[in-house]
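**Student:** Below is the structure I would like to discuss, written out as structure tokens.
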Amino acid sequence: MSRLHHPLKDRLADPTSEEALARIWQRIEARGRPVRGRARVWAVASVFAAAAVAIAFASFERRDRGPLRFADGRPLGVVEAPPVGAVLPMSDGSRVDLAGGARFAPLESNGTSFVAVLERGSAHFEVRPGGPRRWQIECGLATVEVVGTGFDCARAPGKLRVSVQHGAVLVRGERVPDRARRLAAGETLEVLESPPPAEAERSFGGPLEEPGAPGVAAPARREPVTEDPRDTHTWRELARGGHHREAFAALGTQGLLRETKRLGVADLLVLADVARLSGHAAEAVAPLERILRDFPGNPQAPLAALALGRLELDTLDRPAKAAVALNRALSLGVPLSLREDVRTRLVEAYARAGNRAEARAAAAAYLREYPDGRDRSIAESQMR
């Protein structure tokens, strides 16, 4: 039988010697070296680029831990917009656009919070998402609290209009339904100045709670109301008009303490706002604490606890006390629309207090309740 010739098989035959095999591998390595060299160059370049980004970000974060400033480095101050309006870029990447004639005044700023007042006119706020500070804008008839959103505030005599373009805000105030309302993108809230409450409610802060009702504490013994030449409703009228500094001046520290002992829930909340918004944050604690002590069954008690928690955390920098107040807000049944915010603030409070175990527990509770929540990244950061 004749032997068949297979050209392909011949080409695939094993090398005839070790020397031939060595030459093949040398040629392969010679061709691969430039590729590996280029890969190493790109790898090193990528590492340096990532390091540069990390250093730049860390540098920005360090610069942004102090008080908020204008983008050009100037300290914040009162701005009265000319007729054409004014644009105020901030050091954290946020921006405030004032309409003509608007007046904007900063009240307080630190590494975690910024408080300002829109004293008149209209403004658009673009607050940097993921920024280190919670913004709180006082607008006379209500307070707007945000972290990373775009919204408008328009003040007019006896009226306030808040509109949200993107993100979400919390609007709080005596004239806001249930004293607090969360607005999402596309929603608008108008707050109107209403007539003063009836005299009975002015004196006692609303109807007395029934002793013995489920979850309602018996009302504390009320001290007799004595006449005082300074005991007028002037401070209330000033507060309802958004003139909190003037309202505090009409009261004075002793007057505020006197009123704290004698008033009911509605006026105690106003009294706390007068102290807080006039720059006397420490004096705002007593009215809120009295609500929690003497009126825990009042529907406004959970909001008082939340207000106290925010005050302790953002302004007074007492995170351990803030955690106590925020837990109280949860136990008293804070409205569902505010519950996620309370859970987030509780994580922050424990973390800032250095209580790692409780911070992790609070973060786990947040993630169980809000697995896709807007502040999930804050909770997840405590679980690592």
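The values are calculated or read from the model by the stated rules, or taken from the named source; none is laboratory data. All of these numbers come straight from a predicted model, not from anything done at the bench. For neighbour counting, all protein chains shown are included, and Cβ atoms are generated from backbone atoms with ideal geometry for every residue, glycine included. For accessibility, only protein heavy atoms count, side chains too; no ligands or nucleic acids. Shrake-Rupley method; radii C 1.70, N 1.55, O 1.52, S 1.80 Å.
**Student:** Anything in the stretch 143-166 that is closer than 24 Å to residue 67 by Cα and either open to solvent by less than 10 Å² (accessible area, probe 1.4 Å) or not aliphatic (A, V, I, L, M) (or both)? List them, or say none.
**Tutor:** Once the filter is applied, which keeps residues that are closer than 24 Å to residue 67 by Cα and either open to solvent by less than 10 Å² (accessible area, probe 1.4 Å) or not aliphatic (A, V, I, L, M) (or both), the stretch 143-166 yields 143, 144, 145, 146, 148, 149, 150, 151, 152, 153.
**Student:** Go through the stretch 92-108 residue by residue and tally those that are outside any strand (DSSP E or B) and in contact with a strand residue (DSSP E or B) (Cβ under 8 Å, 6 or more places away or on another chain).
**Tutor:** Total satisfying the criteria: 4.
**Student:** Among 89, 83, which is the only one that is open to solvent by 60 Å² or more (accessible area, probe 1.4 Å), part of a loop (DSSP other than H, G, I, E, B) and at pLDDT 80 or above?
**Tutor:** When all the criteria are applied, what remains is 83.
**Student:** Turning to a different aspect of this structure: In this structure, does residue 111 turn out to be modelled with pLDDT under 85, out of contact with any strand residue (DSSP E or B) (no Cβ under 9 Å at 6 or more places or on another chain), open to solvent by less than 30 Å² (accessible area, probe 1.4 Å) and closer than 28 Å to residue 378 by Cα?
**Tutor:** yes
**Student:** On to the next question. How about the stretch 133-194: which strands (runs of 3 or more DSSP E) wholly inside it have at least 2 residues that are out of contact with any Asp or Glu (no Cβ under 9 Å at 6 or more places or on another chain)?
**Tutor:** 150-156, 180-184, 188-192
**Student:** With the structure loaded, tell me whether residue 89 is within 23 Å of the chain's Cα centre (by Cα) and closer than 22 Å to residue 277 by Cβ or whether it fails that test.
**Tutor:** For residue 89, the condition - within 23 Å of the chain's Cα centre (by Cα) and closer than 22 Å to residue 277 by Cβ - is not met.
**Student:** Scanning the stretch 241-250 for residues that are in contact with a Ser or Thr (Cβ under 9 Å, 6 or more places away or on another chain) and closer than 15 Å to residue 269 by Cα, which turns out modelled with the lowest pLDDT?
**Tutor:** Ranking the qualifying residues of the stretch 241-250, first place goes to 244.
**Student:** Restricting to the stretch 260-297, name every residue that is basic (Lys, Arg) and open to solvent by 20 Å² or more (accessible area, probe 1.4 Å).
**Tutor:** 261, 262, 276, 293, listed by residue number.
Here's the yes/no breakdown for (1) in contact (Cβ under 8 Å) with a residue 24 or more places away in the chain; (2) over 29 Å from residue 349 (Cα atoms); (3) among the aromatic types (Phe, Trp, Tyr):
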position: 235; (1), (2), (3): yes, yes, yes
position: 242; (1), (2), (3): yes, yes, no
position: 247; (1), (2), (3): yes, yes, no
position: 262; (1), (2), (3): yes, yes, no
position: 273; (1), (2), (3): yes, no, no
position: 298; (1), (2), (3): yes, no, no
position: 310; (1), (2), (3): yes, no, no
position: 321; (1), (2), (3): no, no, no
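**Student:** Please count how many residues of the stretch 177-191 are surrounded by 19 or more Cβ atoms within 10 Å (Cβ to Cβ) and either among the aromatic types (Phe, Trp, Tyr) or modelled with pLDDT under 85 (or both).
**Tutor:** 2
**Student:** Does any residue of the stretch 302-317 turn out to be open to solvent by 40 Å² or more (accessible area, probe 1.4 Å) and over 23 Å from residue 352 (Cα atoms)?
**Tutor:** Checking the stretch 302-317: not a single residue is open to solvent by 40 Å² or more (accessible area, probe 1.4 Å) and over 23 Å from residue 352 (Cα atoms).
**Student:** Continuing with the same structure: Which count do you get for residues in the stretch 114-140 that are surrounded by fewer than 24 Cβ atoms within 10 Å (Cβ to Cβ), at pLDDT below 85 and not basic (Lys, Arg)?
**Tutor:** 4
**Student:** Taking residue 365 as the residue in question, decide whether it is open to solvent by 10 Å² or more (accessible area, probe 1.4 Å), of a type in the set (Gly, Ala, Ser) and either within 22 Å of residue 110 (Cα to Cα) or at pLDDT 90 or above (or both).
**Tutor:** Judged against the criteria, residue 365 is a match.
**Student:** If I ask for residues that are charged (D, E, K, R), free of Cβ contacts under 8 Å to residues at least 60 places away in the same chain and outside any helix (DSSP H, G or I), which ones from the stretch 330-374 would you list?
**Tutor:** 372
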